[in-house]
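The values are calculated or read from the model by the stated rules, or taken from the named source; none is laboratory data. As the structure is a prediction and not an experimental result, all values here were calculated from the model. A quick note on method: Cβ atoms are made from the backbone with ideal geometry, for glycine too, and the neighbour counts reach across all protein chains shown. Areas reflect the complete protein model, heavy atoms only, side chains present, ligands, DNA and RNA absent. Shrake-Rupley method; radii C 1.70, N 1.55, O 1.52, S 1.80 Å.
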Amino acid sequence: QFLDDLNKWSLLLISPFVYPEKLLSAEHIAFVTETFSARTENLQEAPGSSREIVKWSDYCSPLAYKPGEPFKLFAEASVDNFSSLGIAFMEDRLQMDNGMVPHKIVWLGVAEPAGQSEEEKSKLEDEPDSLSDKEAGAGEHHHLHLSSCHECLQLENSTIESVKFASAENIPELPDDCSSSKLEEKQDDCLEKVMKRVNLAGKPPNVLIYLGSGAAKEKLEQVRSILRECIDTESYTIYQLHQEQVLRDPWIDNSLLLVIATEEPISEGHHKQFLKYLSKGGKILGLSSSFTFGDLRIKRKNKLRGTVHELVVSRVDSTEMRLNLLVSGCVFEEAVKEEIGKVKTLCRLNNAEKDAVIVRVAYGASGGEAILSQAHLELDSNSMDVQTEEDFNLLKMSNPRRYEVLKELLASLGLSCELREVPVLTPLHLLSPDEETHLAFLKWLEGNVDAEGLRASSKVSLKFVPCCDSRVEVTPSLMPVVTDMGSFSSEHFSLKTYQQNLQTKKLGKILLFTEVTTTTMNLLDG
């Protein structure tokens, strides 16, 4: 009930660094944290408190979020961890990962593990239902206390109901006495949407980047950037796998792809973990890395290091493609060819030796495989390693084919590389179901915009105009707001239906409607 309109909430992907069994095997608390945009420098030390700042995500498992002000995070935590969060919150020592400041924590309930005794169940009976709002540090934020005020909750729900009725895609509601068959039907609808993000290996769609000990920020951004340009970013989340997390965290069961992009030697312990990941059906992409296994060896050819060389790529459709790329100065060779088909050459240098620079290696019986490259697929013509103008031109000419090759390799490892077309931004419409309220608001606007009708902000400036034609440009930083309601029409929203279902006295009387926007969080900033 507190989460109200589920359509406004987004599920968070399972973090590759959290052990779910540790959380779910013990009694745990579900709760919502409300935050506001503010700087973490505002965190103050309460008298007699520890100086230690508590990081929110270290003590709980985030499950979903709702953007806006307040920004809400739904999470679960063990009883002990929830207590630690509560103490840090009341002492102004709780820090959010996104830089926002926690304003309220609402306890939604306790989930019990199997086999819990009656004595254990009674331990939390006298606990309060929620941590109240902090009086200090609230600043200028004035918001409805929806978790505690029954009247406010009813009013907000009424507004939400009006939006539901006015929407062409009516949001399915689950009544309390809903039959199990109806529940299963609705769950199937949700599962159908979620299944688009599920892969054949059954692993959460997390992509990890391992850079070893010398994890330079520039290198991370280089690899992350090329991945984002090749894969469907709506379907995958990219994380960095830090060196200390390899042996400590449960990423093996929670990752679809591991990208190894370091030339430094892989330690024995880390190598075993990477092989364990492959044995469980994991996929690895090596970008000029020292990682190999089995009979595959790396042979150094120093004369090739840092040079641009012509490569011959064997494609999925059995054709060949030629392109120029920077090479690492290493090539692959097999010590002993024991199993036919275990190592397959995908790309070779166009030289007399036909040296292999990209290979596919299978591992284990669960479909694990690695594609290892000694060609710098992550580097373009702007790389600092490019020495001459001739090399620059060769790389620039080959750039489209570089993307083509990398996409084909990623797709063969089970990732979706179908990039979605970004929809065009549309103007905002200022709407009201009540003409008198609409006119009063326009009157108020006159004293709160400049001569050009502009309401400036640090993130998104709003330009109020009576009408909007196709010549008016809509950008992420400047959005026109059409004030004339007569020109409004949308196949997705009916103002008349909204008006018929709105039963509040004040809430929901002024609307900003748009078909496509970047984020609603910035629209009312300032």
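Here r is the Cβ-Cβ distance between T319 and E268 and R0 is 51 Å; the resulting FRET efficiency, rounded to 0.05, is 0.80.
When the residues R300, R248, R322 are ordered by accessible surface, computed with a 1.4 Å probe over the protein chains alone, the sequence from largest down reads R300, R248, R322. In order along region 232-241, the Karplus-derived 3J(HN,Hα) couplings, from 6.51 cos²θ - 1.76 cosθ + 1.60 at θ = phi - 60°, round to 6, 5, 6, 10, 9, 10, 9, 10, 9, 9 Hz, and Gly and Pro are given as x.
Antiparallel beta bridges, as assigned by DSSP with both residues in region 428-513, represent about 40 percent of the total such bridges. Out of all DSSP beta bridges with both ends in region 206-413, state the antiparallel percent to the nearest 5. So the antiparallel bridges in region 206-413 amount to around 60 percent. The protection proxy used here, the mean number of other Cβ atoms lying within 10 Å of each residue, ranks peptides 288-298, 84-94, 503-513 as follows, highest first: 84-94, 288-298, 503-513. Local charge for V54 was computed over the other residues whose Cβ lies under 10 Å away, with Lys and Arg +1 and Asp and Glu -1, and equals -1. With θ taken as phi - 60° and the Karplus curve 6.51 cos²θ - 1.76 cosθ + 1.60 applied, the whole-hertz 3J(HN,Hα) list for region 481-491 is 10, 7, 8, 7, 6, x, 8, 7, 8, 8, 6 Hz, x standing for glycine and proline.
How much length would be gained if the chain were fully extended between Y403 and L478, taking 0.36 nm per residue of separation minus their Cα-Cα distance, in nm to one decimal?
23.7 nm
Residue ranges 363-372, 266-275 sort as 363-372, 266-275 when ordered by packing (mean number of other C-beta atoms within 10 Å per residue, highest first). Along region 273-283 the Karplus relation, 6.51 cos²θ - 1.76 cosθ + 1.60 evaluated at θ = phi - 60°, assigns HN-Hα couplings of 5, 5, 5, 4, 4, 5, 5, 9, x, x, 10 Hz to successive residues, with x for each Gly and Pro.
So, counting K/R as plus one and D/E as minus one, what does the shell of residues with Cβ under 14 Å around C468 add up to? After counting each charged neighbour, the total is -2.
Distance between the pseudo-spin-label points of S461 and S412 (7 Å out from Cα toward the beta carbon): 5.1 nm. When nucleic acids and ligands are ignored and a 1.4 Å probe is applied, K496 ends up with an accessible area of around 140 Å².
Spatially, region 249-273 and region 487-521 are offset by 49 Å when compared through their Cα centroids. Extending 7 Å from the Cα toward the beta-carbon at both N393 and W9 defines two label points whose distance is 6.0 nm.
You can think of it this way: the chain between T426 and S57 has 129.3 nm of extra reach, that is 0.36 nm per residue less the Cα-Cα gap. Per residue, the convex hull around the alpha carbon atoms of region 363-508 comes to 271 Å³.
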